[in-house]
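This report refers to the structure that appears directly beneath it.
The values are calculated or read from the model by the stated rules, or taken from the named source; none is laboratory data. None of the values given here were measured: they were computed from a predicted structure. Quick reminder, even Gly has a Cβ in these numbers, built from the backbone with ideal geometry, and neighbours come from all protein chains shown.
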Amino acid sequence: MTDPVEISRGNSPVVLGLPHTGTFVPATIDAKLNACGKALADTDWHIHTLYDGVLPDATMVRATFHRYVIDANRDPAGTSLYPGQNTTTLVPLTDFDGQDIWDIPPTAKDIAERRDVFHAPYHAALAAELDRVRAIHGFAILYDCHSIRSRVPFLFDDVLPDFNVGTNLGATCDPEIENRVMSICQAAEGYSLVLNGRFKGGWTTRHYGQPANGFHAIQMELAQSTYLSAEAPPWTFDTGKADRMRAHLKDILESLADWAPQTGGKI
């Protein structure tokens, strides 16, 4: 079986989390998906390619399994991230358009097994890398990398901004980290942005963002229109769009790598 997590280690204080770029679905699970589910439409397409090499000394922790197997950015207890709003669950039953994805929906036993085999190893790896980086610098910054179609009426109205920054209303990181990211996004000509809009940070950002303990977390949800030729199959990576976006992502990650808390950490 494919390893559920890939790790590329660096010594920067920045750790990139990529919970939704994987497309691996075990054959036994794929057999239970319907045609809609087998399309894997809700992938964070090519995000690992978009961020590859942007900050060479960053650590990257990537889930290789698809979110339809189990969502690595959901609370393992199954608690909703956005009570009262349309969203998807720990093991999604629908896609982002509200369409059923299963011929044979997962049982409670299925979900528990997938939590052990996929969800837990990803987070064990992510936690270990954050601990390792904090031991080097006295702090660690988790930058959680995501993308989504810019138009998903089931989840949000109108068109999603290009940059969607989430810090759970400022709770998950030092204010200067939020300010640095927002300043660069605001200066990016031709791009729109929002802070703590529809996406305030998923379970990963909220769980690991503990500034008092030296763990800072921020989520970046990019509109896929910023780097794909079209937000539809075959989900083609647009090199020209991507290069323009990568220049801004480079500025963001380099700024975070240069940050240090006012007390402790780097001098």
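Annotations for the structure displayed:
- Residue that is within 15 Å of the chain's Cα centre (by Cα) and among the acidic types (Asp, Glu), where the choices are Asp131, Asp100, Asp144: Asp144
- In the stretch 56-77, of all residues being in contact with a Leu (Cβ under 6 Å, 6 or more places away or on another chain), outside any loop (DSSP other than H, G, I, E, B) and of a type outside the set (Val, Ile, Thr), the one that is farthest from Glu6 (Cα to Cα) corresponds to Met60.
- The single condition from (1) at pLDDT 95 or above; (2) not in a helix (DSSP H, G or I) that Ala128 fails is (2).
- For the stretch 188-206, the candidate set comprises residues that are more than 15 Å from Leu169 (Cβ to Cβ) and in contact (Cβ under 8 Å) with a residue 40 or more places away in the chain; within that set, the residue that is surrounded by the fewest Cβ atoms within 10 Å (Cβ to Cβ) is Tyr191.
- Single match in Gly53, Gly22, Gly37 (criterion: modelled with pLDDT of 95 or more, surrounded by fewer than 20 Cβ atoms within 10 Å (Cβ to Cβ), out of contact with any Leu (no Cβ under 8 Å at 6 or more places or on another chain) and outside any strand (DSSP E or B)): Gly53
- Residue in the stretch 156-166 that is among the acidic types (Asp, Glu), surrounded by 16 or more Cβ atoms within 10 Å (Cβ to Cβ) and part of a loop (DSSP other than H, G, I, E, B) present: yes
- Output for the stretch 141-178, where each listed residue is touching a Ser or Thr at 6+ places or on another chain (Cβ under 9 Å) and among the small types (Gly, Ala, Ser): Ser147, Ser150, Gly166
- Filtered residues of the stretch 164-216 (kept if on the phi > 0 side of the Ramachandran plot and over 19 Å from the mean Cα position of the chain (by Cα)): Gly190, Gly214
- Those residues of the stretch 25-34 which are in a loop (DSSP other than H, G, I, E, B) and surrounded by fewer than 19 Cβ atoms within 10 Å (Cβ to Cβ), in sequence order: Pro26, Ala31, Lys32, Asn34
- Candidate set from the stretch 10-41 (those that are charged (D, E, K, R) and in contact with a helix residue (DSSP H, G or I) (Cβ under 7 Å, 6 or more places away or on another chain)); member that is farthest from Ile148 (Cα to Cα): Asp30
- Scanning the stretch 88-110 for residues that are over 20 Å from Ala232 (Cβ atoms) and assigned to a loop (DSSP other than H, G, I, E, B) yields a count of 9.
- Pair list, Cβ under 6 Å, 6 or more apart: the stretch 119-138 residue farther than 24 Å from Gly78 by Cα, other residue among the polar types (S, T, N, Q) and surrounded by 15 or more Cβ atoms within 10 Å (Cβ to Cβ): Glu129/Thr59
- Flag for Phe163 being over 22 Å from Met245 (Cα atoms) and of a type in the set (A, V, I, L, M, F, W, C): no
- Top-ranked residue of the stretch 3-38 - restricted to ones that are closer than 23 Å to Gly202 by Cβ and of a type in the set (Ser, Thr, Tyr), ranked as nearest to the chain's Cα centre (by Cα): Thr21
- Here is the figure for the stretch 1-19: residues that are hydroxyl-bearing (Ser, Thr, Tyr) and either on the phi > 0 side of the Ramachandran plot or modelled with pLDDT of 95 or more (or both) total 2.
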